[in-house]
Amino acid sequence: MQAINIPFNKPYMTGRELWYIAQAHANGHLAGDGQFTKKCHSWLEEHCQTKKALLTHSCTAALEIAAMLINIQPGDEIIMPSYTFVSTANAFALRGGVPVFVDIRQDTLNINEQLIEAAITSKTVAIVPVHYAGVPCDMDTIMQIANRHDLWVIEDAAQGIMSSLNNRPLGSIGHIGCLSFHETKNIISGEGGAILINDPALILRAEILREKGTNRSQFFRGQVDKYTWCDLGSSYLPGELIAAFLWAQMEAADEINKKRLEIWNRYHIEFEQLEQDQMLRRAILMPNSSHNAHMYYLLLNSLKDRSDFIEYLKSKNIFSVFHYVPLHSAPAGLIYGRSHGDLSVTNSHSDRLVRIPLWIGVEEHQAYIIDTIKSFFKGH
Ligand SMILES: *Cc1c(COP(=O)(O)O)cnc(C)c1O
């Protein structure tokens, strides 16, 4: 038995974060939109193939800006999965929008695009696909539906950086994409996020909403001679110390992605036999896509199996977690949202899904984790 605890997550640091923070400190520009923020914006515009990238405090903040950008009004309906993090829905509910939850696909656990059209009403204004585990939604179908019904598409790509579908990076396909740099994601700054504006008509207003409703960005570019209150908005830009930290991560993004994929692939190969023995199901990927190894999850056969599994691993000092409480059955989801149709896949999968440790450095414990999981299914 191994004495050291193996945490579920451990933020990876490249070693250059403090060096860049020291540079930002020496530059003396600590507010937002300084040199490091600009480097991060350029990196995102190049790697995420977007017209305009803007750093935010979080993906939650990016989603809030998105809701304002598309002018969500009380009663407007937004179609999204129930199997997601609360911010996907909360950002729209904050503006009076009504999240309409539809079921997920059996295979990828992403929104079931076949169910979207039936959920559309005269009040529907947007679709918010969530790329769960960094595996793409069927964006071609979703964009076709959106075009047919004149709806906005906002990608919740919080988990999707470095993933792509038909060589299009996640977050670059809808009108707007939202990314997270929370410490549980692949590229991190503690708390952090970005909004990707793919529709050029939205760029100017996105800058204003993010800068407390002012045209400060235009002022700094010398496009207007004074800046003033122009629109609604709030303070959504992170300071330079955060951007400096993030820049160190962006520089190492390829290396981070490669290491995570190696860990992911090793688990995937090792658990194939357990899947054949019908003990569990492994992740299913999308054709013509790449993924970023955001998480390694297993779908067990029952809620009881999962509880036993988590307890057993814990007794061996390995920490595993489950998520999400489906939003349609959460207390606030019942108040602010509504379900469309039966959400049986969501209900069943959320009871059986478990995530196991995947972080850079877990490699040295991986054989132990794999052996422990195999021993659980052998009846200990
Ligand atoms: C992490 C996450 C968010 C929220 O990101 P923050 O940066 O913590 O606000 C939103 N949606 C999904 C799907 C996430 O995984």
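Overview of results
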quantity	calculated
Contour minus Cα-Cα distance for Ala31 and Ser329 (0.36 nm per residue)	103.2 nm
Degrees, to the nearest 10: 240-251 long Cα axis against longest axis of the chain	50
Within straight-line cross-link reach of Lys226, lysines at Cα separation under 29 Å, skipping those fewer than 8 residues along the same chain	Lys38, Lys39, Lys51, Lys52, Lys212
Positive-pole candidate from Ser344, Asn301, Ile356, dipole of the range 253-378, charges at beta carbon	Ser344
For Asn257, net neighbour charge (Lys/Arg +1, Asp/Glu -1) across residues whose Cβ lies under 14 Å away	0
Residues of the range 191-252: accessible area per residue with a 1.4 Å probe, Å²	44
Calculated [θ] (222 nm, deg cm²/dmol) that DSSP helices of n ≥ 4 give over the chain, each run adding -39,500 (n - 2.57)	-11500 deg cm²/dmol
For q = 0.14 Å⁻¹, Debye-computed log10 I/I(0) when each Cα of the range 253-378 counts as one equal scatterer	-0.70
Within the accessible area of the range 253-378 (1.4 Å probe), percent carbon and sulfur	54
Total charge dipole magnitude, the chain, about the Cα centre, Cβ charges on Lys, Arg, Asp, Glu only, Debye to nearest 20	440
Low-density loop positions, GluC sites (Glu not before Pro), the range 165-255 - DSSP coil, at most 15 other Cβ in 10 Å	Glu183
Residue-normalised accessible area of the range 287-380, given per residue in Å² at a 1.4 Å probe	44
Most mobile of Leu54, Leu246, Leu94 in a GNM of the chain (Cα contacts under 10 Å)	Leu94
Reachable lysines from Lys258, criterion Cα separation under 20 angstrom, eight or more residues apart if same chain	Lys10, Lys185
Rounded to 10°, Cα long-axis angle of helix 59-69 versus longest principal axis of the chain	40
Solvent exposure ordering (accessible area, 1.4 Å, most first) of Asp254, Asp103	Asp254, Asp103
Cα centroid separation - the range 1-57 against the range 337-368, whole Å	27
Three-way shape label, the chain, alpha-carbon gyration tensor, a/c 1.5	oblate
Computed E for Ala118/Gln49 - FRET, C-beta separation, R0 41 angstrom, nearest 0.05	0.80
Gap separating the Cα centres of the range 96-115 and the range 221-289, nearest whole Å	21
Inter-label distance for Gln223 and Ser42, nm, one decimal - labels placed 7 Å from Cα along Cα-to-Cβ	1.9
Sparse-neighbour loop sites [chymotrypsin sites (Phe, Trp or Tyr not before Pro); the range 35-106; at most 13 other C-beta within 10 Å; DSSP]	none
Using alpha-carbon coordinates, inclination of helix 363-377 to the longest axis of the chain, degrees	50
Carbon and sulfur %, accessible surface of the range 17-251 computed with the full protein complex present, 1.4 Å	53
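The values are calculated or read from the model by the stated rules, or taken from the named source; none is laboratory data. This one's a predicted model, so the numbers in the text were calculated from it and none came from an experiment. Note that each Cβ is placed from the backbone with ideal geometry, even for glycine, and that neighbours are counted across all protein chains shown. All accessible areas refer to the heavy atoms of the entire protein, side chains included, with ligands and DNA or RNA removed. Shrake-Rupley method; radii C 1.70, N 1.55, O 1.52, S 1.80 Å.
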